[in-house]
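Chemist: Let me begin by handing over the structure; questions about it come next.
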Amino acid sequence: MDTPPTPSAPLSAALIDRFASIVGTAYAVREPNDIAPYLVERRDLFHGRTPIVLRPGSADEVAAIARLANETRTPIVPQGGNTGLVGGQVPDNSGTEVVVSLSRLDKIRSVDPEADAMIAEAGVVLADAQAAAEAADRLLPLSLAAEGSCEIGGNVATNAGGTAVLAYGNTRDLVLGLEVVLASGEVWNGLRTLRKDNTGYDLKNLFIGSEGTLGIITAAALKLFPRPRSVGTALIGLASPEAALALLHRARAIAGHALTSFELMSRLGIDFVLSHLPGSRDPLATRHEWYVLLEVSSGRSDGEARDLVEAIFVDASEAGLIEDGVRAETVEQARAIWHIRHGLPDVQAFEGGSIKHDVSVPVAAVPELIARGSERVRAMIPAIRPVPFGHLGDGNIHFNFTQPPEMDKAAFLGRWQEVNAAVHEIVGELGGSISAEHGIGQLKRSLLPRFKDAVELDLMRKIKATLDPNGILNPGKVL
Ligand SMILES: Cc1cc2nc3c(=O)[nH]c(=O)nc-3n(C[C@H](O)[C@H](O)[C@H](O)COP(=O)(O)OP(=O)(O)OC[C@H]3O[C@@H](n4cnc5c(N)ncnc54)[C@H](O)[C@@H]3O)c2cc1C
């Protein structure tokens, strides 16, 4: 998908030089070959153009960029690790937008185990932030398959979810404070680590999930937690999403908040992983239609997580829910199980085109969503291959459909909107959301007016107009 151009004038050479001088020539990327990686995203759905990518090294430089952009009405597109899945980080194809990469802001300013808080700059890669927490014997629970590349600023700007939402919430629940460069170039220092602060509007929540349209996040104060003393990981084969849902209820009754992940995968997804992901092997001796990866974490004792997993196995087996299962005995075995789950988003690409949905419904409605959605879409494209997977515990399913093996890829992807419309209609009927965790970006922008309350949309537009009156921050995204 090429992105529609905005009607801005081309940037003059003099203005490009002024932007470059803020960061210095070494950090002003101008060569087309060097710019190229910033103009495409993982799924290759969006391609943009820009005359320059700026790589500021401090919040002050970001502020100077915003000031100049505001003065000259130049649109700027913040970019972190470029792992976003809705095209929010890619400029349009007018060639008039400036990309601002935050990756050089990569310092962890502090880790405070006593306050259970860390302050990380926007460009810190999530896996590095997790490692810094671990080095202080603390847990930063945010975890997603892209954690080796995505950055804290991007995580906050997208309100990323991931595999630990069940126990710890979305990124929004993990942010204590923010430092944000506003469209005017002012810097809002809201890097507080207070657990309670009722002094008026909670401004940080405006920027969390705003996808670069309201401000540029330069640092975040994040909540940390005690590191679990033990973690139990298991993979369970079962007959249906209904059985998986029943297992979720029973597992929660037994483990309570210690149940930290509950991920659903279909057999077809596992087959894709086994065919295309190096180092993966069939986790269970027999094939099953559905699989659940569950994880239990205990802060109390070394053996507790294992005992809880065991209790869940016994209980669910007695209830006839489990066909087969394996409990990781070692850290390596647990990693091998997660390797399968984390490999799932990428392996579909080896099977041709995929039409994707990141949707949520009330947890109890997930089986109905999968059944109705698969049936509806199969009626449209008979040999289509549904590959639903994801965070069953949060009611969030990545409801992806891979093309029939014999079908032309372009012809298949040409049905994207039609398939989306069918799935989103069911999601709407079930009281769900068309974007559970990836955001709106460019991909879902045109859908928003249909699924969002008019009053809510109007309020969003007013907030945007107040914080970014000249519309320089990531135009054409979200709204
Ligand atoms: C394999 C894979 C698995 C994934 N799994 C999950 C998952 O489980 N859960 C989930 O929620 N997401 C998931 N994602 C999506 C993606 O990783 C997240 O959205 C992530 O938070 C994006 O971070 P990023 O640094 O790559 O941001 P980018 O892709 O660079 O940017 C994303 C958006 O944030 C804006 N932005 C970036 N940095 C800033 C900043 N400092 N200030 C203001 N705006 C900014 C951009 O303009 C853009 O709109 C996955 C992606 C991949 C490729």
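The values are calculated or read from the model by the stated rules, or taken from the named source; none is laboratory data. Just so it is clear, the structure is predicted and the values come from calculations on it, not from any experiment. Cβ: placed from backbone, ideal geometry, glycine included. Neighbour counts: every protein chain shown.
Chemist: Provide a single number: the residues in region 311-326 that are without any contact (Cβ under 8 Å) to a residue 40 or more places away in the chain and not β-branched (Val, Ile, Thr). Break it down stepwise before answering.
Modeler: As a first pass, look at region 311-326 and keep what is without any contact (Cβ under 8 Å) to a residue 40 or more places away in the chain: 314, 317-318, 320.
If we keep only those that are not β-branched (Val, Ile, Thr) as well, we get 317-318, 320.
So the count comes out to 3.
Chemist: Hey, among the residues in region 302-350 that are of a type in the set (S, T, N, Q) and surrounded by fewer than 20 Cβ atoms within 10 Å (Cβ to Cβ), which one's farthest from the ligand (Cβ to nearest atom)?
Modeler: Going through the qualifying residues, I end up with Ser317.
Chemist: Only one of (1) in contact with a Leu (Cβ under 6 Å, 6 or more places away or on another chain); (2) away from the ligand (no atom under 16 Å from the Cβ) is not met by Gly393, so which one is it?
Modeler: Of everything listed in (1) in contact with a Leu (Cβ under 6 Å, 6 or more places away or on another chain); (2) away from the ligand (no atom under 16 Å from the Cβ), Gly393 misses just condition (2).
Chemist: Output the number of residues of region 186-210 satisfying the condition of being assigned to a helix (DSSP H, G or I) and among the charged types (D, E, K, R).
Modeler: The number of residues fulfilling the criteria is 1.
Chemist: Can you tell me which residue within region 351-368, out of those that are in a loop (DSSP other than H, G, I, E, B) and away from the ligand (no atom under 16 Å from the Cβ), is surrounded by the most Cβ atoms within 10 Å (Cβ to Cβ)? Spell out the reasoning first.
Modeler: We begin by selecting, within region 351-368, every residue in a loop (DSSP other than H, G, I, E, B); these are 352-353, 356-357, 361-362.
When the remaining residues are screened for being away from the ligand (no atom under 16 Å from the Cβ), the result is 352-353, 361-362.
Numbers: Gly352: 17, Gly353: 21, Val361: 24, Pro362: 12.
Across region 351-368, the extreme among qualifying residues is Val361.
Chemist: Filter region 143-167 down to the residues that are more than 6 Å from the ligand (Cβ to nearest atom) and out of contact with any strand residue (DSSP E or B) (no Cβ under 8 Å at 6 or more places or on another chain) and list them by number.
Modeler: Ser143, Asn159 - these are the residues of region 143-167 that are more than 6 Å from the ligand (Cβ to nearest atom) and out of contact with any strand residue (DSSP E or B) (no Cβ under 8 Å at 6 or more places or on another chain).
Chemist: Considering (1) out of contact with any strand residue (DSSP E or B) (no Cβ under 7 Å at 6 or more places or on another chain); (2) more than 18 Å from Asn474 (Cα to Cα); (3) not hydrophobic (A, V, I, L, M, F, W, C), say which one Glu121 fails and leave the rest.
Modeler: (1)
Chemist: For region 364-403, what are the residues that are over 23 Å from Gly343 (Cα atoms) and of a type in the set (A, V, I, L, M)?
Modeler: Ala364, Ala365, Leu369, Ala371, Val377, Ala379, Met380, Ile381, Ala383
Chemist: May I ask you to list pairs of residues, at least six apart or on different chains, whose Cβ atoms are under 9 Å apart, with the first in region 85-96 being under 17 Å from Pro51 (Cβ atoms) and the second being basic (Lys, Arg) and more than 8 Å from the ligand (Cβ to nearest atom)?
Modeler: As it stands, the answer is Pro91/Arg49; Asp92/Arg49; Asn93/Arg49; Ser94/Arg49; Gly95/Arg49; Thr96/Arg49, since those pairs meet every condition given.
Chemist: Of the conditions (1) among the hydroxyl-bearing types (Ser, Thr, Tyr); (2) away from the ligand (no atom under 12 Å from the Cβ); (3) within 25 Å of the chain's Cα centre (by Cα); (4) in a loop (DSSP other than H, G, I, E, B), Thr83 clears all except one; give me its number.
Modeler: Condition not satisfied by Thr83: (2).
Chemist: I would also like to ask the following. Quick one: which of Thr233, Thr213, Thr218 is within 29 Å of Thr158 (Cα to Cα), more than 14 Å from the ligand (Cβ to nearest atom) and outside any helix (DSSP H, G or I)?
Modeler: Thr233
Chemist: Mind checking which residues of region 121-167 are at pLDDT below 95 and over 11 Å from the mean Cα position of the chain (by Cα)?
Modeler: Within region 121-167, Ala164, Val165, Leu166, Ala167 qualify.
Chemist: Still on this structure: Give the residue that is farthest from the ligand (Cβ to nearest atom), with candidates limited to residues of region 420-464 that are surrounded by 15 or more Cβ atoms within 10 Å (Cβ to Cβ) and small (Gly, Ala, Ser).
Modeler: Taking the candidates together, the pick is Ala422.
Chemist: At pLDDT below 95, of a type in the set (Phe, Trp, Tyr) and within 21 Å of the chain's Cα centre (by Cα) - does that describe any residue in region 328-339?
Modeler: Yes, region 328-339 has at least one match.
Chemist: Pick from region 127-141 the residues that are free of Cβ contacts under 8 Å to residues at least 40 places away in the same chain and not charged (D, E, K, R): which of them is nearest to the ligand (Cβ to nearest atom)?
Modeler: Among those residues, the one meeting the criterion is Ala127.
Chemist: Sort out which residues of region 240-291 are in contact (Cβ under 8 Å) with a residue 24 or more places away in the chain, in a loop (DSSP other than H, G, I, E, B) and of a type in the set (Asp, Glu), and write them in order of number.
Modeler: Selection gives Glu289 alone.
Chemist: If you scan region 395-419, which residues turn out to be crowded, with 19+ Cβ neighbours inside 10 Å, of a type in the set (Lys, Arg) and not in a loop (DSSP other than H, G, I, E, B)?
Modeler: Going through region 395-419, the residues crowded, with 19+ Cβ neighbours inside 10 Å turn out to be 395-403, 412, 415, 419.
Filter once more, so that each one left must be of a type in the set (Lys, Arg): 415.
None - no residue of region 395-419 is crowded, with 19+ Cβ neighbours inside 10 Å, of a type in the set (Lys, Arg) and not in a loop (DSSP other than H, G, I, E, B), so the list stays empty.
Chemist: Can you name every residue in region 462-479 that is charged (D, E, K, R) and under 25 Å from the mean Cα position of the chain (by Cα)? Before you say what the answer is, go through the steps one by one.
Modeler: Residues of region 462-479 charged (D, E, K, R): 462, 464, 468, 477.
Within region 462-479, Lys464, Asp468, Lys477 qualify.
Chemist: List, please: which pairs have Cβ atoms under 6 Å, are six or more places apart or on different chains, and start with a residue in region 457-479 that is farther than 17 Å from Gly209 by Cβ and end with one that is among the basic types (Lys, Arg)?
Modeler: Final answer for the pair search is Asn470/Arg73.
Chemist: Still on this structure, please answer the following. On the given criteria, is Val111 more than 10 Å from the ligand (Cβ to nearest atom) and either of a type in the set (A, V, I, L, M, F, W, C) or at pLDDT below 95 (or both)?
Modeler: Spelling it out, Val111 is indeed more than 10 Å from the ligand (Cβ to nearest atom) and either of a type in the set (A, V, I, L, M, F, W, C) or at pLDDT below 95 (or both).
Chemist: From Gln403, Gln417, which residue is without any contact (Cβ under 8 Å) to a residue 60 or more places away in the chain, away from the ligand (no atom under 16 Å from the Cβ) and touching a Ser or Thr at 6+ places or on another chain (Cβ under 8 Å)?
Modeler: Details: Gln417 fails: touching a Ser or Thr at 6+ places or on another chain (Cβ under 8 Å).
Result of the check over Gln403, Gln417: Gln403.
Chemist: Here are the criteria: (1) surrounded by fewer than 15 Cβ atoms within 10 Å (Cβ to Cβ); (2) acidic (Asp, Glu); (3) closer than 30 Å to Gly161 by Cα; (4) modelled with pLDDT of 95 or more. Tell me which single one Asp44 does not satisfy.
Modeler: With respect to (1) surrounded by fewer than 15 Cβ atoms within 10 Å (Cβ to Cβ); (2) acidic (Asp, Glu); (3) closer than 30 Å to Gly161 by Cα; (4) modelled with pLDDT of 95 or more, Asp44 is out only on (4).
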